[in-house]
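Contents: one structure, followed by commentary.
The values are calculated or read from the model by the stated rules, or taken from the named source; none is laboratory data. As the structure is a computational prediction, the values presented were derived from the model and not from experiment. In this analysis, Cβ positions are derived from the backbone assuming ideal geometry, glycine residues included, and neighbour counts consider all displayed protein chains. Surface areas here come from the heavy atoms of the whole protein model, side chains and all, with no ligands, DNA or RNA. Shrake-Rupley method; radii C 1.70, N 1.55, O 1.52, S 1.80 Å.
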Amino acid sequence: MTSSELWTRATADRYDAEETELSSAAVLGPTLAFLADLAGDGRALEFAIGTGRVGVPLRERGVPVAGIELSEHMAAVLRRKIDEDTLPVAIGDMATTVVPGEFTLVYLVYNTITNLLTQDEQVECFRNAARHLEPGGRFVIELGVPPLRFLPPGQVAVPFDVSEQHLGFDTFDLVEQILVSHHFTRDSDDRYRRGNSRHRYAWPAELDLMARIAGLELERRVADWDGAPFTQDSVKHISVWRKPT
């Protein structure tokens, strides 16, 4: 068990319904194209595969996919969509769990590396990716840039969503590099359900150093799945590290 917080059955059961935008063709299309291109004719391994939002359609595109998932409840939702023989999933943490074989691609999307709440565990995640990659294989991470530029002196919170159905904001511990995402979600009875989750944020340069520790080399960094240039104003990045041949 790592420091990652476990998804409960209730959270897993409503996860897909609350993330419909991320499952849209507009979002998934570029994501799947990017990952399928890197996988080539090889196999792909998704760390923290969750309910299979990315892994299932990537498998349907013809890429052999396997997954690692800490929450049995999330994996159970995935299993309603696809069988174990078609997309095998190992229950365990993404920092230490090992699955058989080598892969041309290991990927980790939607800020999920921040679920590991210590730097040591994040380093081990990179090492675990490198352990699974064949020579020349790639490790891909999708991660937001910490929005600390929006924190003037004395302010402790940054809103990231203000809509009819959801209010979301992050609070920060700048010493420990921990942020807490707070969610207020309105249900059909016009009541709000409150939830929160902890994350350890990391800068792109810090991830590059983790990659070097794991024996990986930065190949490219872009601002989104469409390949837009990464700049000082980018709110997230897609980073690709390569295992040397």
Checklist outcome for this item: Checked pairs for the stretch 46-66, first without any contact (Cβ under 8 Å) to a residue 12 or more places away in the chain, second assigned to a loop (DSSP other than H, G, I, E, B) and hydrophobic (A, V, I, L, M, F, W, C), C-beta under 7 Å and 6 or more apart or across chains, list as none
Checklist entry - Does residue 158 fit the bill of being free of Cβ contacts under 8 Å to residues at least 24 places away in the same chain, farther than 23 Å from residue 14 by Cα, of a type in the set (A, V, I, L, M) and outside any loop (DSSP other than H, G, I, E, B)? => result yes
Checklist outcome for this item: Only unsatisfied item for residue 77, checking (1) surrounded by fewer than 17 Cβ atoms within 10 Å (Cβ to Cβ); (2) farther than 24 Å from residue 139 by Cα; (3) β-branched (Val, Ile, Thr); (4) in contact with a Ser or Thr (Cβ under 9 Å, 6 or more places away or on another chain), is (1)
Next on the checklist: Could you tell me how many of the residues in the stretch 7-22 are in contact with a helix residue (DSSP H, G or I) (Cβ under 8 Å, 6 or more places away or on another chain), surrounded by 14 or more Cβ atoms within 10 Å (Cβ to Cβ) and of a type outside the set (Phe, Trp, Tyr)?
Outcome noted: 5
Checklist entry - So which of 62, 50, 67 is assigned to a loop (DSSP other than H, G, I, E, B), in contact with a strand residue (DSSP E or B) (Cβ under 8 Å, 6 or more places away or on another chain) and not basic (Lys, Arg)? => result 50
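Residue by residue, here is whether (1) modelled with pLDDT under 90; (2) in a loop (DSSP other than H, G, I, E, B); (3) closer than 29 Å to residue 32 by Cα holds:
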position	(1), (2), (3)
190	yes, yes, no
199	no, no, yes
208	no, no, yes
211	no, no, yes
227	no, yes, yes
Checklist outcome for this item: Inside the stretch 94-106, the number of residues satisfying the requirement of being of a type in the set (Asp, Glu) and crowded, with 22+ Cβ neighbours inside 10 Å is 0
Item to check | Condition met for residue 235 (touching a Gly at 6+ places or on another chain (Cβ under 9 Å), farther than 18 Å from residue 95 by Cβ and either of a type in the set (A, V, I, L, M, F, W, C) or surrounded by fewer than 17 Cβ atoms within 10 Å (Cβ to Cβ) (or both)) | outcome: yes
Checklist outcome for this item: Going through the stretch 195-231 in order, the residues found to be more than 30 Å from residue 14 (Cβ to Cβ) and among the hydroxyl-bearing types (Ser, Thr, Tyr) are 231
Checklist entry - Can you name every residue in the stretch 217-243 that is under 14 Å from residue 141 (Cβ atoms) and touching a Leu at 6+ places or on another chain (Cβ under 8 Å)? => result 236, 237, 239, 240, 241, 242
Checklist outcome for this item: Taking the stretch 114-137 and keeping residues assigned to a strand (DSSP E or B) and open to solvent by 60 Å² or more (accessible area, probe 1.4 Å) leaves 134, 135
Item to check | For residue 195: the one exception among (1) over 21 Å from residue 47 (Cα atoms); (2) touching a Phe, Trp or Tyr at 6+ places or on another chain (Cβ under 9 Å); (3) open to solvent by 40 Å² or more (accessible area, probe 1.4 Å); (4) not aliphatic (A, V, I, L, M) | outcome: (3)
Next on the checklist: Scan the stretch 154-165 and tell me whether some residue there is within 30 Å of residue 242 (Cβ to Cβ), open to solvent by 20 Å² or more (accessible area, probe 1.4 Å) and not charged (D, E, K, R).
Outcome noted: no
Item to check | Which listed residue is more than 17 Å from the chain's Cα centre (by Cα) and surrounded by 15 or more Cβ atoms within 10 Å (Cβ to Cβ), from 109, 63, 89 | outcome: 63
Next on the checklist: Condition check: touching a helix residue (DSSP H, G or I) at 6+ places or on another chain (Cβ under 8 Å), open to solvent by less than 10 Å² (accessible area, probe 1.4 Å) and among the β-branched types (Val, Ile, Thr). Does residue 49 satisfy that?
Outcome noted: yes
